[in-house]
Amino acid sequence: MPEPRDDARSPIISDVIPAHGYDKQQVLAQMESFRHRDADWHKGRTWSLVYSAGDEHSAFLKQAHNLFFSENGLNPMAFKSLKRFETDTVAALVKLLHGPETAVGTLNSGGTESILLAMHTYRERSRRTKPWVRTPEVVLPTTAHPAFDKAAHYFGIRLRKAPIGPDFRVDVAALRRLINRNTAAVVVSAPHYCQGVVDPVEEVAAITRAKSIPLHVDACVGGLMLPWVERLGWPVPLWDFRVDGVTSISADLHKYGYAAKGASVVLYRSMDYLKDQFFVATDWPGGVYASANIPGTRPGGPIAAAWATLMAIGEDGYLELTRQALDVREKLIAGVRATPGVHVMGEPVGTLVTFGSDDEKALPIFAVADLLAEKGWHLDRHQNPNCIHATCSAGNVQSVDEFVEDMQWAVSEVRANPALAEQGDAAMYGMMAKVPARGLVKYTVRRVMEAMYAPGAVEPDLQGVTSSDPVLRKLDEYGSLVLGAVGKARERVEKALGR
């Protein structure tokens, strides 16, 4: 193996631990070079993943984070500063979301952990209060975040999914029919990520309250956004602890709270719920072990930065950031509505916008997404129905006008040449969205995951994976015939069942 050199221009061999460490500045320069193909969030060209309140705020977050870079939140008695940050942050979010004086919660690593904790809590509560139930069930909309599926997978919970209506909100009547004696909790979203609409929380709460069933509101996206939207005078339906029957809420600070990743809270109406989240081991030779969260070691940096963010931005800062995000939303919606062939899906309550094609055959929307990606835009693609999703934030103020122009250009290009759907990522996404046998999709995605995490995988050829697999080659070869036959068979079965 070649010896490291001080010359910053020499390449670093980074897939082994070097015999002698490289120069630190050389390492940093090499790390910086790895970012050249990352999504460019600094210029507002990402419409998900990153929520930026500006470079000055980012620099402040790094300072706050690094002050507690080495501290460990595993033991709150050893680092009382971190416990103070967590307690204050939870209390601030309880007040923001109109929780009662009895409300409690924990600061977690992200929305997925907050959701996992809530689902674990309700499973344990079901075991405690309904010991005869062998498999606790959770009723939720089809639009609920996949973190709930992950929780069900990890914790042995059965999910019963209710369909959504034409307005993309959960069908309350269908949800009511899914509730039974095994129901451990019901879930709704405020808003759900797919179309940015808020489920009818008050209607669902009336049902769960009458049946004494816990109701969790997933506000990972909306928890630090909807309160400010409401204060700015926009209509927002009641969804938080003001609704009698809401027993818990998950809300992310690293989204519209503009905190450092990862920071999220799960809040409960009282300790009667939170106590089922705790884990305690008493027989370990190393001593008694107790934890309120999933991780053992808890990095101090994100905990400190979450507190620092709330203190530094303040109510006036959040109102201004939300006003900017709403301005972006309005410009984007106006741009979509002025573009022939596409439309906004649903009525966004906050700052999430999803738009799709009026005619998928004439204007395949994933092909539009491909052209936008070639222009350097990072967007999410959704399915059922196919659409493009944009998370509007203050960081997009600088770029929204350019995006609208590029979006209108891309729509025009695809309208003129619908065959673009057979190229690039659009072909793969389009095929996946149409496959009725979802087991095949899961098989395909697992193959892609295997490629991504194979030895030495840095930038695997994902299209190469799907095209080289024999099952997927056959699906591609006979796809339209098979999909058409399966689709018709499914329609006959659903018609026979009266659906």
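Things to note:
- The numbered conditions (1) β-branched (Val, Ile, Thr); (2) surrounded by fewer than 22 Cβ atoms within 10 Å (Cβ to Cβ); (3) touching a Gly at 6+ places or on another chain (Cβ under 9 Å) are all true for residue 142 except (3).
- Members of the range 83-108 that are more than 18 Å from residue 289 (Cβ to Cβ) and out of contact with any strand residue (DSSP E or B) (no Cβ under 7 Å at 6 or more places or on another chain): 84, 85, 87, 88, 91, 92, 95, 96, 98, 100, 101, 102
- Among residues of the range 85-112, those that are in contact (Cβ under 8 Å) with a residue 12 or more places away in the chain, out of contact with any Pro (no Cβ under 8 Å at 6 or more places or on another chain) and not β-branched (Val, Ile, Thr), counted: 13
- Qualifying residue in the range 267-278 (condition: in contact with a Lys or Arg (Cβ under 9 Å, 6 or more places away or on another chain) and within 20 Å of residue 65 (Cβ to Cβ)): no
For every residue, the table says whether it meets (1) free of Cβ contacts under 8 Å to residues at least 24 places away in the same chain; (2) of a type outside the set (Val, Ile, Thr); (3) farther than 25 Å from residue 260 by Cα.
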residue	(1), (2), (3)
288	yes, no, yes
307	no, yes, no
321	no, yes, no
335	no, yes, yes
341	no, yes, yes
359	yes, yes, yes
367	no, yes, yes
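- Scoring residue 193 on the criteria (1) crowded, with 24+ Cβ neighbours inside 10 Å; (2) modelled with pLDDT under 95 leaves a single failure, condition (1).
- Any hit, the range 94-101, residues being among the charged types (D, E, K, R), closer than 16 Å to residue 215 by Cα, part of a helix (DSSP H, G or I) and assigned by TED's automatic domain parsing to the domain that holds residue 266: no
- Across the range 258-283, the number of residues qualifying as on the phi < 0 side of the Ramachandran plot, in contact (Cβ under 8 Å) with a residue 60 or more places away in the chain and in a loop (DSSP other than H, G, I, E, B) comes to 7.
- Taken together, the residues in the range 370-393 that are more than 16 Å from residue 192 (Cα to Cα) and crowded, with 24+ Cβ neighbours inside 10 Å amount to 1.
- Of all residues in the range 214-241, those that are farther than 17 Å from residue 94 by Cα have Cβ atoms under 7 Å from Cβ atoms of residues that are assigned to a loop (DSSP other than H, G, I, E, B) and among the hydrophobic types (A, V, I, L, M, F, W, C), 6 or more apart or on another chain, in 229/236; 236/349; 237/198.
- Residue match in the range 315-337 (condition: crowded, with 22+ Cβ neighbours inside 10 Å, assigned by TED's automatic domain parsing to the domain that holds residue 263 and small (Gly, Ala, Ser)): no
- Criterion: modelled with pLDDT of 85 or more and within 28 Å of residue 221 (Cα to Cα) - qualifying residue of 55, 88, 38: 88
- Of the numbered criteria (1) over 14 Å from the mean Cα position of the chain (by Cα); (2) at pLDDT 95 or above, the one residue 223 fails is (1).
- Scan of the range 317-345 for residues that are in a helix (DSSP H, G or I), closer than 25 Å to residue 111 by Cα and not aromatic (Phe, Trp, Tyr), ordered by number: 317, 319, 320, 321, 322, 323, 324, 325, 326, 328, 329
- Among the residues of the range 200-218, those that are of a type outside the set (A, V, I, L, M) and farther than 18 Å from residue 266 by Cα comprise 200, 202, 203, 208, 209, 211, 212.
- Residues of the range 71-92 classified as more than 24 Å from residue 241 (Cα to Cα) and either touching a Leu at 6+ places or on another chain (Cβ under 7 Å) or not assigned by TED's automatic domain parsing to the domain that holds residue 291 (or both), total: 3
- Residue check for residue 23: surrounded by 14 or more Cβ atoms within 10 Å (Cβ to Cβ) and modelled with pLDDT of 75 or more: yes
- Every listed requirement among (1) of a type outside the set (Val, Ile, Thr); (2) buried (at least 16 other Cβ atoms within 10 Å of the Cβ); (3) more than 24 Å from residue 96 (Cβ to Cβ) is met by residue 274 save one, (3).
- Given (1) surrounded by fewer than 18 Cβ atoms within 10 Å (Cβ to Cβ); (2) assigned to a helix (DSSP H, G or I), number of the condition residue 286 does not satisfy: (2)
The values are calculated or read from the model by the stated rules, or taken from the named source; none is laboratory data. These numbers were taken from a predicted model, which means no experiment stands behind them. Note that we place each Cβ from the backbone using ideal geometry, even for glycine, and neighbour counts take in every protein chain shown.
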